[in-house]
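S.K.: Please read through the structure below; I'll follow up with questions.
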Amino acid sequence: MSQLKAYDVREPVEGHCVIRFASNSATARRKGANELGIEWESVEHCRRIPILDEFVPGPARPSALIDLGRWLECWHCGNRVDDYDKPDIIYEGAAVYCSMWCRQMEFTRKRRRGAAHVVLIELFESQFSDYTIKHIPCLRRQTAAT
């Protein structure tokens, strides 16, 4: 098996891009185009980014992407977070927040959602005692580095 390398795959219209880890540029281009929802021919470029090879098999750390001049979306408000915002950026795993206020609001939203899940489970089990809820799926919007 070939060693994986980091590639930047960019779409031309809005400038969105993804970092794909692949053994060659053709594979990275195919996977990146698929993730961006475009055709192979529509990819603006597929370039190597050797500095991100340290994150194989992925994903790249959000702070490394910001340091490269990329921007990400705040996980709470959706605003653009880039190098200009560096003093205020809060990193939490894969999540990026534009401010401590957004981080706290997202924390509050998650706590409310967790409490609502508990109430939903209790309500369901009180009405249908023969059944048990083991998991309530949570949908999360996707963010893309550009």
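S.K.: Below 14 angstrom from the Cβ of Ala64, what's the summed charge of the other residues (Lys, Arg +1; Asp, Glu -1)?
M.R.: On the way: positive: Arg61, Arg70, Lys86; negative: Asp8, Asp53, Glu54, Asp67, Asp82, Asp83.
That works out to -3.
S.K.: Further question: For Kirkwood radius over Cα pairs in Å, pick the label among (1) 15.7; (2) 17.6; (3) 19.0 that corresponds to the value derived from the coordinates.
M.R.: The value matching this structure is (2).
S.K.: Against the longest principal axis of the chain, how steep is helix 25-36, in degrees 0 to 90 to the nearest 10, with axes from Cα atoms?
M.R.: 40
S.K.: Among Trp71, Trp101, what is the fewest-to-most ranking by other Cβ atoms within 10 Å?
M.R.: Details: Trp71 18, Trp101 13.
Ordered from fewest to most neighbouring Cβ atoms within 10 Å, Trp71, Trp101 come out as Trp101, Trp71.
S.K.: Between Phe124 and Gln3, what is the label-to-label distance in nm when each label sits 7 Å out along the Cα-to-Cβ direction?
M.R.: Computed distance between label sites Phe124 and Gln3 equals 4.8 nm.
S.K.: Compute the long axis of helix 100-127 from its Cα atoms, compare it with the longest principal axis of the Cα atoms of the chain, and write down the angle in degrees, 0 to 90, nearest 10.
M.R.: Helix 100-127 sits roughly 50 degrees off the main axis of the chain.
S.K.: Does the stretch 57-96 come out rounded, prolate or oblate, given a ≥ b ≥ c as the square roots of the eigenvalues of its C-alpha gyration tensor, rounded meaning a/c under 1.5 and, failing that, prolate meaning a/b above b/c?
M.R.: oblate
S.K.: Among Thr132, Ala28, Cys98, pick out the residue whose Cα is farthest towards the positive end of the charge dipole of the chain, where Lys and Arg carry +1 and Asp and Glu carry -1 on C-beta, about the Cα centre.
M.R.: Thr132
S.K.: Once you list every other residue whose beta carbon is under 13 Å from the beta carbon of Asp8, what net charge do they have if Lys and Arg are +1 and Asp and Glu are -1? All intermediate terms of the calculation are to be shown ahead of the outcome.
M.R.: On the way: positive: Lys5, Arg10, Arg20, Arg29, Lys31, Arg47, Arg48, Arg70; negative: Glu11, Glu35, Glu44, Asp53.
Net charge in that neighbourhood comes out at +4.
S.K.: Would you work out the charge dipole size for the chain about its Cα centre, treating the Cβ of every Lys and Arg as +1 and the Cβ of every Asp and Glu as -1, and quote it to the nearest 20 debye?
M.R.: So the dipole magnitude of the chain works out to roughly 200 debye.
S.K.: Please check: in the Gaussian network model of the chain (C-alpha springs, under 10 Å), which one of His135, His76, His117 has the largest mean-square fluctuation.
M.R.: Taking springs between Cα atoms under 10 Å, the residue moving most is His135.
S.K.: Further question: If you take the beta carbon distance between Tyr91 and Ala116 as r and set R0 to 25 Å, what does 1/(1 + (r/R0)^6) give as a FRET efficiency, to the nearest 0.05?
M.R.: Working: r = 27 Å, r/R0 = 1.09.
Between Tyr91 and Ala116 the formula returns 0.40.
S.K.: Hey, another quick one. Is the C-alpha gyration tensor of the stretch 3-87 telling us rounded, prolate or oblate? Criteria: a/c under 1.5 is rounded; beyond that, a/b larger than b/c is prolate, otherwise oblate. It would help to have the intermediate numbers written out before the result.
M.R.: Working: a/c = 2.23, a/b = 1.33, b/c = 1.68.
Because a/c hits 1.5 or more and a/b fails to exceed b/c, the stretch 3-87 counts as oblate.
S.K.: What residue among Glu92, Glu14, Glu39 shows peak mean-square fluctuation when the chain is described by a Gaussian network model with Cα springs under 10 Å?
M.R.: Result: Glu14 has the largest fluctuation of those listed.
S.K.: By how many nm would the segment from Glu14 to Arg80 grow when fully extended, if each residue of separation counts as 0.36 nm and the alpha-carbon distance is taken off?
M.R.: Extra length from Glu14 to Arg80 when fully extended: 22.4 nm.
S.K.: Given Cα pairs under 8 Å that are at least 6 residues apart, what percent is the relative contact order of the stretch 1-60?
M.R.: Relative contact order comes out at 41 percent.
S.K.: If you add up the charges near Ala95, with Lys and Arg at +1 and Asp and Glu at -1, over every other residue whose beta carbon is less than 9 angstrom from its beta carbon, what do you get?
M.R.: Working: positive: Arg103; negative: Glu92, Glu106.
Summing Lys and Arg as +1 and Asp and Glu as -1 gives -1.
Read-outs: derived from the displayed coordinates by stated rules, not from any lab. Keep in mind that this is a model prediction, so the values were computed, not measured. No Cβ is skipped: glycine too gets one built from the backbone with ideal geometry, and neighbour counts run over all protein chains shown.
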